[in-house]
1. Could you work out the pair-distance distribution P(r) of chain B from its alpha-carbon pairs, with 10 angstrom bin width and percents rounded to whole numbers?
2. If exposed GluC sites (Glu not before Pro) are those in a DSSP loop with at most 15 other Cβ within 10 Å, what is the longest stretch of chain B that has none?
3. Let's test the formula: R0 of 60 Å, r as the Cβ-Cβ distance of A:Q180 and B:K40. What FRET efficiency results, to the nearest 0.05?
4. What do you get for trypsin sites (Lys or Arg not before Pro) in the stretch A:87-148 restricted to DSSP loop and a cutoff of at most 12 other Cβ within 10 Å of the site's Cβ?
5. 7 Å from Cα along Cα→Cβ at both A:D170 and A:D55: what's the point-to-point distance in nm?
6. Between A:G101, A:G89, A:G181, which gets the highest mean-square fluctuation from a Gaussian network model of chain A, Cα cutoff 10 Å?
7. Radius of gyration and Dmax for the stretch A:154-266's Cα atoms, expressed in Å?
8. Would you please name the trypsin sites (Lys or Arg not before Pro) within the stretch A:177-237 that are DSSP coil residues with at most 14 other C-beta atoms within 10 Å of their C-beta?
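Read the figures in this text as sums done on the coordinates, not as results from a lab. All values derive from a computational prediction rather than experimental measurement. Note that each Cβ is placed from the backbone with ideal geometry, even for glycine, and that neighbours are counted across all protein chains shown.
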Amino acid sequence: MLGLVTMLIGLGCAPHHRPAETVEVERFDIHIEAHFGALVDTESHRSVQAATDADLKLQVVLTPVRLFRDGSLGSIVSIESASLRVSEGGAERSMPLTLVGRTAELRTFPNGEILDIAWGDRLAGLGRYLDVFEVVFPAISPSPPTVEDGEEARRRIIWPFRGAAGLRWDNAVEAIWTNQGVRKAGEEEAWQIHYEGPWTLRGPARTNRSVTSYRAEGQGSGTVGLERTSGLLVSHDFEWQRTAVVSRKRSLQQTQTFVGHVERIR
Amino acid sequence: MIWALLISAVPVDPIGDPLERYLEIEDVSVALEGLAPKLKACAVGEDVTVSLTMTLSGDGSVGLSEWEPEAYSSVPCWNGVLSTHRFPSHDDTPERVRLSLYVRGGALVLSPVPELEPRPVGPLLLFVGGTEDERSRIEQYIEGTGKEEQ
């Protein structure tokens with residue numbers, strides 16, 4: 001089954017399209033240093049939580065499992081290891097996590113463009129936090145467009161967060177991608193594709209009792225390394241920042257900065 | 001031609017429902033239908049309503065079961081049934097399920113609607129690195145129901 005999927009989805013010949021024979025199980029180390037500003041009431045400007053620095057380390061495995069009628073591919077994202085340290089007011093501590101063993105299903109087009117993240121809510125909330133650190137998903141599946149050496153092209157980086165009925169928000173980075181050519185990345189040569197663009201997030205969550213609005217504005221930039229021979233992601237350095245606002249009867253705002261590095265593990 | 005044959009051979013998913021990686025209440029209800037005959041095979045005594053809280057581990061086994069009243073005569077037999085029964089496996093931490101067992105006139109009936117204890121996740125999108133109580137405080141602040149609002 002996987003072999004057939006492999007043959008069917010490899011249609012591109014551009015440097016960073018995945019060739020037919022290279023769709024495989026992929027394993028990544030992810031390290032994100034985040035700064036979360038104080039939680040501030042947008043009306044009274046009162047702070048209800050102090051600023052926090054956080055250091056998240058993950059090891060994830062991406063396993064292709066099924067092909068959809070529209071040509072998109074379903075892959076299981078499994079969290080194999082996870083650690084989170086936070087620093088508040090100079091005091092540093094480890095946060096207990098229940099992420100290891102959890103999974104989500106990433107549905108992407110063959111170029112990596114994210115269509116859906118099923119079970120993303122199981123990686124969210126207390127002890128999991130990937131609703132906040134959701135940049136993990138585009139970090140491992142950034143979907144650069146086909147762009148010739150030295151040239152640039154536009155393509156949005158998009159991904160949703162879905163939960164129980166009525167909960168959904170959508171992220172979009174209006175990215176301009178620039179092919180910076182081939183560089184040595186460790187033992188391998190990799191195309192370096194730089195991107196940057198404004199980041200927006202919109203989405204309501206409706207329940208019988210209330211409507212919650214999720215909004216964010218910010219900026220995303222980074223450089224994706226794609227193995228020259230296979231077109232597979234080998235590295236991704238990024239710096240994304242946004243101001244997130246969650247509103248129900250009250251609105252709370254938080255600035256969030258994510259500086260991260262993704263590296264493929266052999 | 002070869003491509004057409006290959007494409008026709010691949011079992012595509014036309015609907016795209018998420019893979020069953022986690023338990024939902026419907027899964028628990030279906031699994032309980034399989035459990036009911038085994039529980040009914042245990043002899044029952046006087047009429048009683050027994051509440052059962054159990055944790056379902058990722059491998060489908062029952063990790064912990066609590067009965068109320070614990071001293072009811074059928075509980076040891078029911079515990080034996082639970083120790084060998086397998087619920088659907090899942091990728092989450094152990095899930096807590098609550099249901100009632102009704103013994104009436106020598107027959108056993110399970111509550112038709114079990115409860116799958118939800119995991120509190122809010123507030124989403126904002127980093128709140130404290131305990132569940134701290135997260136609850138922030139959630140209530142947004143909701144306008146916290147102490148600070150009164």
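1. Values per bin, smallest distances first: 9, 28, 22, 19, 15, 5, 2, 0.
2. Numbers: sites that count: B:E20, B:E24, B:E46, B:E70.
The reported range is B:71-150.
3. Details: r = 69 Å, r/R0 = 1.15.
With R0 = 60 Å, the Cβ-Cβ based efficiency is 0.30.
4. Working: sites: A:R93, A:R102, A:R107, A:R122, A:R128; in loops: A:R102, A:R128.
Passing both the DSSP loop test and the Cβ count: no residue.
5. Calculated label separation equals 3.8 nm.
6. Sorting by GNM fluctuation, first place goes to A:G89.
7. 17.5, 56
8. Numbers: sites: A:R183, A:K184, A:R202, A:R206, A:R209, A:R215, A:R228; in loops: A:R209, A:R228.
Sites meeting the loop and neighbour criteria: A:R209.
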